[in-house]
Structures are given as structure tokens and as C-alpha cells.
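Right, one structure below, let's go through it.
The values are calculated or read from the model by the stated rules, or taken from the named source; none is laboratory data. Please read these numbers as outputs of a predicted model, since none were measured by experiment. Every residue, glycine among them, receives a Cβ derived from its backbone with ideal geometry; neighbour counts consider all protein chains shown.
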Amino acid sequence: MMSMEKKSKIYIAGHTGLVGSAIVRKLKEKGYSNLIVKEYPALDLSRQQSVEDFFNTEKPDYVFLAAAKVGGILANNTYKADFIYDNLAIAMNVIHAAYKSGVKKLLNLGSSCIYPKLATQPLKEEYLLSDYLEPTNEPYAIAKIAAIKLCRYFNEQYGTNFISLMPTNLYGPNDNFNLETAHVLPSFIRKFYLAKLLSEKKFNSIRKDFASYRLGFGYDSEIMNANDEAIIQLLNKLGITPESVTLWGTGSPYREFLYVDDLADAAVYLMENYDYKNIGELVNVGTGTDTTIREIASSVKIVIGFDGKIQWDPSKPDGTPRKLLDVSRLNQLNWKAKISLEEGVRLAIDWYADKQK
């Protein structure tokens with residue numbers, strides 16, 4: 001088995017995102033110095049010719065495929081065509097170009113939404129394609145399943161060394177905090193953070209937050225010249241008041257969360273130590289424990305220091321009832337998550353708050 005060398009040419013697709021930026025941090029921490037990154041629109045991964053030209057010019061030895069169009073329930077359910085098209089295009093173009101240019105090894109990042117909605121818990125790798133998907137994220141899931149199969153069949157037909165990791169729900173630095181498209185935990189962080197500022201009447205701090213991150217729902221143009229009263233009304237529309245925060249669904253589903261630096265550690269570890277023949281078609285990456293959305297919301301509220309109430313809106317979808325990964329295959333490869341949920345939530349909130357200063 002070939003192992004990455006410190007001067008190996010390593011391309012990280014999606015390096016500005018939650019996962020890609022964590023992988024870059026981990027690689028640098030471990031002494032890898034020859035990292036290739038290229039940002040959109042300089043490189044559009046959905047355009048085949050652009051991707052092939054890039055690979056032909058750069059000739060990377062190793063590839064981490066962390067680029068994707070991602071979002072929570074609302075985004076997945078609203079932009080269905082975009083989610084399936086963009087993610088299929090990215091996967092096809094990068095994986096095919098990696099094969100054509102002779103990349104030594106590629107690591108493809110997937111998502112736990114590839115598993116059936118009502119599959120037995122915890123979710124084992126072999127449950128893939130055993131039943132129906134969760135409808136709200138089916139377009140994204142189908143694209144991710146296609147990427148897994150692309151890696152598998154290139155390995156089988158052409159002898160490539162492409163591996164696929166399926167992480168559980170991720171959070172941490174450089175997450176998406178746009179309330180229209182964010183996943184559950186970052187949306188909680190931002191909502192409670194804004195509610196706390198609103199309760200303290202720190203309107204200039206709220207404006208700083210708006211300047212740092214898009215709000216979504218078509219409200220971003222309204223923010224630019226909003227006075228204090230307009231800010232109050234705007235946040236109230238989003239269920240954010242000085243006394244309470246309204247969250248989607250019932251809070252009853254169970255979710256497993258992994259701090260993104262733990263995922264990056266697993267990704268680099270597997271890239272360094274294992275081939276697809278050791279890993280199989282895919283390997284789950286998670287903590288192996290889960291908790292309710294209601295408990296997560298309470299934790300975020302407490303760490304941020306918001307004294308108001310949590311209101312739940314049961315007219316909004318909950319998504320999959322439970323989504324816990326079986327990580328026994330990963331544990332057998334001698335890797336386990338290190339960062340607890342409590343510590344990770346605190347780290348993520350500290351990072352978010354520091355960005356506003």
C-alpha cells in the first residue's frame with residue numbers, strides 16, 4: 001500500500017467549506033505542505049472540461065472530495081433539482097478526472113442521508129439501497145449514492161484506489177449559518193445567539209452578525225438599511241424574540257453529531273493507512289451515540305446564555321426519526337472520535353462568537 005508523503009501533491013476539493021477547511025487544517029497540522037486548493041468561480045467543479053483541464057495541469061497525487069452543495073431540510077426540499085444536478089456533476093467530474101489523470105488515491109465524502117428512512121438503528125454500511133430514502137433529502141442522497149458507486153466501480157473496473165466515508169451530522173468552524181439553508185445545529189447556534197443579542201438590545205452586534213452571514217428567506221436586502229425596530233420585526237418573522245426562539249418540528253428525533261475536526265482526523269487517518277480493499281464500499285464515521293434534537297437545543301441555549309424559552313413548531317417537518325451510525329467497522333480500523341458533544345458545541349459557539357468581534 002502506498003502512503004501519502006509529506007510532500008505529496010494533495011488536492012482538497014471544497015476547501016472553504018465545513019469539511020474541506022477542517023481537512024486542510026488537519027493536513028497542515030500533520031506536516032503536509034504541498035496542498036492544492038482552487039476556489040469557485042476560478043474552478044467550477046460542475047463543468048467537466050474545467051475539471052479535466054485542472055487535473056491535467058496540477059496532476060495531484062491524492063484527492064479529498066469534500067465539495068458539495070449542502071443544506072438542511074428546507075434547502076433540500078426547496079432546491080431539489082439543484083441538489084441532485086450539482087452534486088452528481090461534481091462527483092462525476094472529479095472522480096472521472098482523478099481516474100484519467102492517474103491519482104494514487106481519492107477519498108470521497110458522503111453523508112448519512114444515503115441510508116433508508118426507516119432502516120434499523122444503528123445504521124450499518126450494508127443497509128445502503130435496502131429500502132426507501134427520506135423524501136425531503138432524496139435528491140441529495142441519490143447524488144451521494146451515485147458517488148459511492150462511481151468509486152466502487154472505478155475500483156473494480158480500472159483498479160483505482162477510491163474510498164468513501166459516510167459522516168454523521170457535522171458541525172464546527174466554517175459551517176453554513178444561513179438560516180434558510182443551514183443544518184440543524186448551526187441554525188440553533190445562530191438563532192439563540194441572535195435571540196440573546198436581541199434580549200440585550202445589542203443592535204449593532206446584530207448588524208455585525210448580519211454582515212458576517214446571510215440570513216436567507218429573501219431578507220438579506222432588507223437588512224442593509226434596517227433600523228432597530230425593523231430588525232426586531234425581521235427576527236420575529238424568523239421566530240426569534242427576546243423571550244423565545246421557535247424551532248422546527250417537535251424536537252423528538254434523535255441525531256448523532258460529530259465535530260468536524262474529528263471527521264478530518266478520521267479522513268486523513270484512513271487516507272494514510274487503508275486502501276479500498278480494507279475499507280469496502282464505504283465506511284461510517286461518527287461517535288456511535290445520539291441524542292434528541294430537543295436536548296441539543298437546550299444545550300446550545302445554555303452555552304450561549306439565552307434565558308428565554310424554546311418553542312417548537314410541529315407544523316414543520318422533523319425529518320428522519322432517528323439516524324445513528326454503526327461505527328464498528330471504523331473502530332476495527334483503530335479510529336474513534338475524541339471530541340465530546342458538550343466540548344464540540346462549546347468550541348463551535350466560541351468560534352462563531354469570535355467571528356463577530
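Table: residues versus (1) surrounded by fewer than 22 Cβ atoms within 10 Å (Cβ to Cβ); (2) over 30 Å from L128 (Cβ atoms); (3) of a type in the set (A, V, I, L, M).
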{"residue": "Y158", "(1), (2), (3)": "yes, no, no"}
{"residue": "M166", "(1), (2), (3)": "no, no, yes"}
{"residue": "N174", "(1), (2), (3)": "yes, no, no"}
{"residue": "D209", "(1), (2), (3)": "yes, yes, no"}
{"residue": "F217", "(1), (2), (3)": "yes, yes, no"}
{"residue": "A230", "(1), (2), (3)": "yes, yes, yes"}
{"residue": "Q233", "(1), (2), (3)": "yes, yes, no"}
{"residue": "K237", "(1), (2), (3)": "yes, yes, no"}
Open item on the list: So, restricting to helices (runs of 4 or more DSSP H) that lie completely within the range 64-181, which ones have at least 3 residues that are within 22 Å of V327 (Cβ to Cβ) and over 16 Å from the mean Cα position of the chain (by Cα)?
Closed with: 138-158
Open item on the list: Considering only residues that are assigned to a loop (DSSP other than H, G, I, E, B) and either surrounded by fewer than 13 Cβ atoms within 10 Å (Cβ to Cβ) or not charged (D, E, K, R) (or both), which ones fall in the range 6-15?
Closed with: K6, K7, S8, G14, H15
- [ ] Return yes or no: is N87 in contact (Cβ under 8 Å) with a residue 60 or more places away in the chain and buried (at least 20 other Cβ atoms within 10 Å of the Cβ)?
- [x] yes
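Would you check if V283 is in contact with a Phe, Trp or Tyr (Cβ under 8 Å, 6 or more places away or on another chain) and crowded, with 18+ Cβ neighbours inside 10 Å? Show your work before the answer.
Details: in contact with a Phe, Trp or Tyr (Cβ under 8 Å, 6 or more places away or on another chain): no; crowded, with 18+ Cβ neighbours inside 10 Å: yes.
The answer is no for V283.
Looking only at the range 16-36, filter to residues that are assigned to a loop (DSSP other than H, G, I, E, B) and at pLDDT 95 or above; which one of those is surrounded by the fewest Cβ atoms within 10 Å (Cβ to Cβ)? Steps first, answer last, please.
Within the range 16-36, the subset assigned to a loop (DSSP other than H, G, I, E, B) is 16-17, 30-34.
Add one more test, that the residue is at pLDDT 95 or above, and what stays is 30-32, 34.
Details: K30: 13, G31: 8, Y32: 20, N34: 15.
Applying the filter and picking the extreme gives G31.
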Open item on the list: Restricting to the range 191-244, name every residue that is among the hydroxyl-bearing types (S, T, Y), assigned to a helix (DSSP H, G or I) and within 21 Å of Y352 (Cβ to Cβ).
Closed with: Y193, S199, S205, S212
Task: Residue check for F188: crowded, with 24+ Cβ neighbours inside 10 Å, out of contact with any Pro (no Cβ under 7 Å at 6 or more places or on another chain) and either small (G, A, S) or assigned to a helix (DSSP H, G or I) (or both) - done: yes
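Looking for something of a type in the set (D, E) and either closer than 25 Å to S21 by Cβ or in contact with a strand residue (DSSP E or B) (Cβ under 9 Å, 6 or more places away or on another chain) (or both) - is there at least one such residue anywhere in the range 151-171? Spell out the reasoning first.
Narrowing the range 151-171 to residues of a type in the set (D, E): 156.
In the following step, the residues that additionally are either closer than 25 Å to S21 by Cβ or in contact with a strand residue (DSSP E or B) (Cβ under 9 Å, 6 or more places away or on another chain) (or both) were identified as none.
Looking for residues that are of a type in the set (D, E) and either closer than 25 Å to S21 by Cβ or in contact with a strand residue (DSSP E or B) (Cβ under 9 Å, 6 or more places away or on another chain) (or both), one finds none in the range 151-171, hence no.
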Open item on the list: Which of the numbered conditions does Y140 fail, given that it passes all the others? Conditions: (1) in contact with a strand residue (DSSP E or B) (Cβ under 9 Å, 6 or more places away or on another chain); (2) under 30 Å from T246 (Cα atoms); (3) buried (at least 23 other Cβ atoms within 10 Å of the Cβ).
Closed with: (1)
Task: Selected residue [modelled with pLDDT of 95 or more, in contact with a Ser or Thr (Cβ under 7 Å, 6 or more places away or on another chain) and not hydrophobic (A, V, I, L, M, F, W, C)] from G286, G344 - done: G286
